[in-house]
Amino acid sequence: MKFSFAYLLVVAATVVAACGNHDTLVDDTRTFDNENWNRFKPETFEIGDANPDDYYRIDFELVVDSALMRNEQLPLTVNLYSPDGTRRMFYAYVNLVENGRWKGQVTPGRDRDGLRTLKQNIRPFFTFNNKGTYRMEIAQGTSQYDLDGIRSFRLVIERTQVDFSALDK
C-alpha cells in the first residue's frame, strides 16, 4: 500500500508540474535604484521556448512616481536577438498621461502618494522567426541621461490566439 501511495504522489506532482502555465514565455520585473533608469543601461530579458508557429502578445507594465516623472510618454527601444544572432529592432511608446490626467491605477500600500501602475500592450500579435531562446534588450529612449520617476518595469510575453475568420468574409 505504501508503494502505490508514493507512486500516486509522484504521478500527481508530475501532472501538477506539467499543467503549469506554458503560455507565458516571460513575466519578469526589474526595479530601479533610486527610481532612476539610466538611458545607456538597457534591461535584458531572456525569452525561452519561443515557437515561430505561435503568436504572442507583449505587454509592458511600469510603476511610475508621477511626482518625479517629467514626461507624458515614455519612448522605449527594443532590440530582439534571435538564437542565430540576428537582431530585430522596434520602438515602443508607453503613454503615461491621457487627456491631461495620469493613466494607470494608484498603487496602494506604497511608501508615498503619486505611484501609479500602468500596463500597456505593445504588440498584440508578435511572432518569432526561429525556435529557441531569444534575448530582448529594452532601453528608455528619452533625451535625459537618467530618467527619474520609474520604480519598476515588467515585461510579459504570452501566447495569444488570432482569429483569422474575419478575413474570409
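The values are calculated or read from the model by the stated rules, or taken from the named source; none is laboratory data. The model shown is predicted, which means the values in this text are computed figures rather than measured ones. Backbone-built Cβ (ideal geometry, glycine too); neighbour counts: all protein chains shown.
Taking segment 143-169 as the search range and keeping residues that are closer than 16 Å to Phe32 by Cα and polar (S, T, N, Q), which one is modelled with the lowest pLDDT?
Looking at residues that are closer than 16 Å to Phe32 by Cα and polar (S, T, N, Q), I get Gln144.
Please work out which residue is surrounded by the fewest Cβ atoms within 10 Å (Cβ to Cβ), limiting yourself to segment 71-100 and to residues that are in contact with a Phe, Trp or Tyr (Cβ under 9 Å, 6 or more places away or on another chain) and among the β-branched types (Val, Ile, Thr).
Ranking the candidates gives Thr77 first.
Of all residues being over 22 Å from Gly132 (Cα atoms), of a type outside the set (S, T, N, Q) and not in a loop (DSSP other than H, G, I, E, B) in segment 33-54, which is modelled with the highest pLDDT? Just the residue, please.
Trp37
Read through the list (1) over 28 Å from Gly85 (Cα atoms); (2) surrounded by fewer than 15 Cβ atoms within 10 Å (Cβ to Cβ); (3) in contact (Cβ under 8 Å) with a residue 12 or more places away in the chain, then give the number of the only condition that Arg159 fails.
(1)
I'd like the full set of residues that are loosely packed, with under 15 Cβ neighbours inside 10 Å and touching a residue at least 40 places away in the same chain (Cβ under 8 Å), limited to segment 38-65.
Asn38, Phe40, Lys41, Thr44, Glu46, Gly48, Asp49, Asn51, Pro52 - these are the residues of segment 38-65 that are loosely packed, with under 15 Cβ neighbours inside 10 Å and touching a residue at least 40 places away in the same chain (Cβ under 8 Å).
On the basis of being aliphatic (A, V, I, L, M) and surrounded by 17 or more Cβ atoms within 10 Å (Cβ to Cβ), does Leu68 make the cut?
So Leu68 fails the test.
Out of all the residues in segment 66-81, which are touching a strand residue (DSSP E or B) at 6+ places or on another chain (Cβ under 6 Å) and in contact (Cβ under 8 Å) with a residue 40 or more places away in the chain?
Ser66, Leu68, Leu74, Pro75, Leu76, Thr77, Val78, Asn79, Leu80, Tyr81
Each row is one residue, and each column tells you yes or no for (1) modelled with pLDDT under 90; (2) small (Gly, Ala, Ser).
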position: Met1; (1), (2): yes, no
position: Tyr7; (1), (2): yes, no
position: Ala18; (1), (2): yes, yes
position: Asn21; (1), (2): yes, no
position: Val26; (1), (2): no, no
position: Tyr56; (1), (2): no, no
position: Ala67; (1), (2): yes, yes
position: Leu76; (1), (2): no, no
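Can you name every one of the strands (runs of 3 or more DSSP E) wholly within segment 100-169 that holds 1 or more residues which are of a type in the set (Asp, Glu)?
132-140, 146-148, 150-160
Is it true that some residue in segment 135-142 is among the small types (Gly, Ala, Ser), on the phi < 0 side of the Ramachandran plot and modelled with pLDDT of 95 or more?
Yes, there is a match, as at least one residue in segment 135-142 is among the small types (Gly, Ala, Ser), on the phi < 0 side of the Ramachandran plot and modelled with pLDDT of 95 or more.
Name the pairs whose Cβ atoms lie under 6 Å apart, with the first residue in segment 122-143 and in contact (Cβ under 8 Å) with a residue 60 or more places away in the chain and closer than 12 Å to Thr77 by Cβ, the second surrounded by fewer than 15 Cβ atoms within 10 Å (Cβ to Cβ) and not aliphatic (A, V, I, L, M), and 6 or more positions between them or separate chains?
Glu137/Thr44; Gly141/Pro75
Can you find a residue that is in contact (Cβ under 8 Å) with a residue 24 or more places away in the chain, over 24 Å from Phe40 (Cα atoms) and either of a type in the set (D, E, K, R) or in contact with a Lys or Arg (Cβ under 8 Å, 6 or more places away or on another chain) (or both) anywhere in segment 144-156?
So the first thing to find is which residues in segment 144-156 are in contact (Cβ under 8 Å) with a residue 24 or more places away in the chain, and the list is 144-156.
The next check asks that each one be over 24 Å from Phe40 (Cα atoms); those that pass are none.
The answer is no; no qualifying residue exists.
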